[in-house]
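Each reported figure results from applying straightforward, stated rules to the coordinates on display, with no laboratory input. Note that this is a predicted model, so its numbers are computed, not measured. Positions of Cβ are backbone-derived with ideal geometry, glycine not excepted, and every protein chain shown enters the neighbour counts.
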Amino acid sequence: MRFLSYLMSGLGLGSVYAIIALGYTMVYGIAKMLNFAHGDIIMIGAYVSFFALTRFGLPVLAAVPAAMAVCTVLGVLIERMAYKPLRQATSLSVLITAIGVSYFLQNAAQILWSSSTKVFPAVISNGALQLGELSISYLTLVTILTCVVVMVCLTLFINHTKTGSAMRACAEDKGAAMLMGINVNRIISLTFAIGSALAAIAAILLCASYPQVFPTLGSMPGIKAFTAAVFGGIGSIPGAFVGGLLLGIIEILSRAYISTQLSDAIVFGVLVVVLLIKPTGILGRKLSEKV
Amino acid sequence: MKKFFSKLLAAGVCTVMAVSLAACGGSGSSDSKPAETAAVEEEESTAIVIGCSGPLTGDAATYGVAVQNGANMAVDELNEKGGIQFKFVMEDDVNDAEKAVSAYGSLKDQGMQISLLTVTSTPAAAIAPTYQEEKTFALTPSASSPSVTFHDGVNQVDPFGNIFQMCFSDPGQGQGSAAYIATHPELGTKVAIIYKNDDNYSTGIYDTFKAQAAQDNLEIVYEGAFSGTANDFTVQLQAAQDKGADLVFLPIYYQPASLILNQANAMGYAPTFFGVDGMDGILTLEGFDTSLAEGVYLLTPFNADGQDDLTRTFTARYKMHYNETPNQFAADAYDCIFALAQACEAAGITNDMSNEEICQKLVEQFKTMEFTGLTGTGMVWDENGVVNKVPHAMVIKNGSYVGVDD
């Protein structure tokens, strides 16, 4: 029973990783770049929802769209200002730029809101659902549900809309997509917008579980989610989902049964092993379409 | 193409690991805020320059900024009073050992004669040998690790000799806490410890706590560690609960402690929580539900709600200047400046003396003098630079510290 409850909290944590990993994987799939500033978009989302909830007293259901709106605009702005001019540059320059943007956001947050930690208000009641002996907290349930809903919506969008097909086309071959009349720049902006909006959702779920907001908040979840994306096969949406969930479960179970100190080492160790055995990740390449 | 992208991916993975390592060392910008040194411009020529480096940006900035504020306030007060004039200069070290070395150089350039060393332990331990070589006197407000005052911090032998601490040393805190818990069985008899194993401060307290607990026959039923920026403690708390711990000792800083209190509350686990000076600051955490900290014990030398005159005026002035409640770091820095002023007065130090001469005289003074300030009465230092003062047990009641009388 204890094992099942650990498994549930692993699924909860993994769902958050999965949502963040979607942002990495979509951007990689379409723009072929690793957006390391993604973790810091989460941090901005956390601050925006923190201020929406505390300073402006908005209800949670209003804070979520507010954070999503700000993150979306920010994500698109970053893409326009920092990455678009580098469309033709080597990927290393883009990578370094992304790291620069990440540091810029962290330090901007520090100047704007100081480095001291702020405590995120409780957004989901503390209760738990009792299933026989197993109790699952509402928070975990909400997190897992959100993740599933996000996954389903995104898959439908990618597979059954015109814009979705355009995104798949860009992922397949940007040059050919352009020749077919697809506005590649617009599709890339859209990808950043969706990824950033998802980051805002992840921010609120993350802060609901671990109620602290500080300027470097996004770096560790960002790195773990990136690991999850690579783990599942970067560029693949189902891969991000599977990778995120597995990573969350591995992290919680290794903390519970192996060592509380080594859980991060185990998580990153798993990445190394997966990359050695299957360099494209679990669902990488041919097994699934890329976005 | 395929090969190219897998290369790109490999580069990305390497970078991410490098960045995460760098982040562990404390990230942040290296720009430093100018020290606020009002009211000393006209006295510049005769003022004694006191330097300090500490994290003004980055994760630990709360501590550095508090020290800067406390020290500036003390310097302003002393300069207004007349007598020996001081000038306080502070450099940012982002809680990073390497940056502390360059901060030291920059402080020397600004004519530093006496130092508050650094705010945090890791940079302090890195820079301490330089202070010994260059014979500059240092009194640190808050770098509490024994490796700040000793070459061999683990065994506490071979002291630097010219480095003194205003705060309790870590071993002192661990010992004090264990002894206190052992003599107060009503707080709890089955102890769980949750500590941060990649932090000198936490492991230092943990080690001595364990040693003292063994001596006092205090039963430790669970020890759980975490590292880095861990934010999930449910596993540790669950294990502590399963082992029947009724007191959880937290030798950690207040940010993770606030998460632990929160998660324990969500689990319905309510042991006595016992913290150390790092717990100080939890009540001023923005947005923190202070009812979660109700009944938390901590050993701390300073209580902003203390009713003695010194504390009351200090707290009021600090709130007026900086618009927040002072924490222990601000109080420690304030005490450092006043202790230095007292020693300089007694030793007849002037700003035209060499650092070496000042150092020698101050070491003599600090070994013999007694100082009373915000963080203790009748403080004395041993020849190793370790302070001897009485820790006060405090308990949090109705959102503020209350002294425990015994």
Note to self: C-alpha centroids of the range B:222-260 and the range B:341-388 sit apart, in Å, by 39
Average Cα contact separation per residue, chain B, under 8 Å, 6 or more apart, as relative contact order %: 16
Peptide A:256-267: average number of partner chain Cβ atoms within 10 Å per residue? 4
I'd like the orientation of helix B:170-183 relative to chain B: the angle between its Cα long axis and the longest Cα principal axis, in ° from 0 to 90, rounded to 10. 50
Take each of the peptides A:123-132, B:79-88, average the number of other beta-carbon atoms within 10 Å over its residues, and list them starting from the highest. B:79-88, A:123-132
Any residue on another chain or 5+ positions along whose placed amide H is under 5 Å from the amide H of B:Gly224 is listed here as B:Ile193, B:Ile194, B:Tyr195
Calculated from DSSP helices alone, with each H run of at least 4 adding -39500 (n - 2.57) and the total divided by the residues of chain B, [θ]222 nm to the nearest 500 comes to -14000 deg cm²/dmol
For chain B, find the longest principal axis of its Cα atoms and tell me its angle to the long axis of helix B:121-133, 0 to 90°, nearest 10. 30
Which of the three applies to the range B:162-236, rounded, prolate or oblate, going by the alpha-carbon gyration tensor with a ≥ b ≥ c and a/c under 1.5 meaning rounded? oblate
Sites matching trypsin sites (Lys or Arg not before Pro) across the range A:65-168 that sit in DSSP coil, with at most 16 neighbouring C-beta atoms within 10 Å: A:Arg87
Computed over the Cα atoms, what is the radius of gyration of the range B:272-406 divided by 2.2 N^0.38 Å, N being its residue count? 1.22
Could you work out how far the C-alpha centroid of the range B:92-156 sits from that of the range B:306-336, in angstrom? 24
Inter-chain shielding of A:24-30 (mean C-beta neighbours from other protein chains, 10 Å cut-off): 1
Relative contact order (percent) for the range B:92-178, with alpha-carbon contacts under 8 angstrom and 6 or more residues of separation? 24
Could you point to the residue in B:Ala192, B:Tyr253, B:Val221 farthest towards the positive end of the range B:171-300's charge dipole, with +1 and -1 charges on the Cβ of Lys/Arg and Asp/Glu respectively? B:Val221
Antiparallel versus total DSSP beta bridges in chain B: what percent is that, nearest 5? 30
Just flag the GluC sites (Glu not before Pro) in the range B:329-406 sitting in loop per DSSP whose Cβ has no more than 13 other Cβ atoms within 10 Å. B:Glu370, B:Glu383
Once you average over the residues of A:212-220, how many Cβ atoms of partner chains fall within 10 Å of each Cβ? 5
Calculate the length of the line joining the C-alpha centroid of the range B:264-278 to that of the range A:212-291, in whole Å. 31
Which of B:Pro129, B:Thr350, B:Phe164 sits closest to the plus end of the dipole of chain B, meaning its Cα is farthest towards the positive end, when Lys and Arg get +1 and Asp and Glu get -1 on the C-beta? B:Pro129
Cα gyration tensor category, rounded, prolate or oblate, for the range B:171-300 with a/c compared to 1.5: rounded
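Report the relative contact order of chain A, percent, no decimals, based on alpha-carbon pairs under 8 angstrom and at least 6 residues apart.
38
Give, rounded to the nearest 20 debye, the magnitude of the charge dipole that the range B:84-200 has about its Cα centre when Lys and Arg contribute +1 at Cβ and Asp and Glu contribute -1 at Cβ.
300
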Quick check for me: using +1 on Lys/Arg Cβ and -1 on Asp/Glu Cβ, what's the dipole size of the range B:171-300 about its Cα centre, in debye to the nearest 20? 200
Have a look at the DSSP beta bridges in the protein assembly as shown and tell me what percent are antiparallel, nearest 5. 40
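Please give the net charge around A:Val270, taking every other residue with its beta carbon less than 14 angstrom from that of A:Val270, where Lys and Arg add +1 and Asp and Glu add -1.
Residues near A:Val270 contribute +1 overall.
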When you count, for each residue, the other Cβ atoms within 10 Å and take the mean per peptide, how do B:373-381, A:179-187 rank with the highest first? B:373-381, A:179-187
Angle, helix B:328-347 long axis vs. longest principal axis of chain B, Cα atoms, 0 to 90°, nearest 10? 30
Per DSSP H run of at least 4 residues, take -39500 (n - 2.57); add these up for chain A, divide by its residues and hand me the 222 nm value, nearest 500 deg cm²/dmol. -24000 deg cm²/dmol
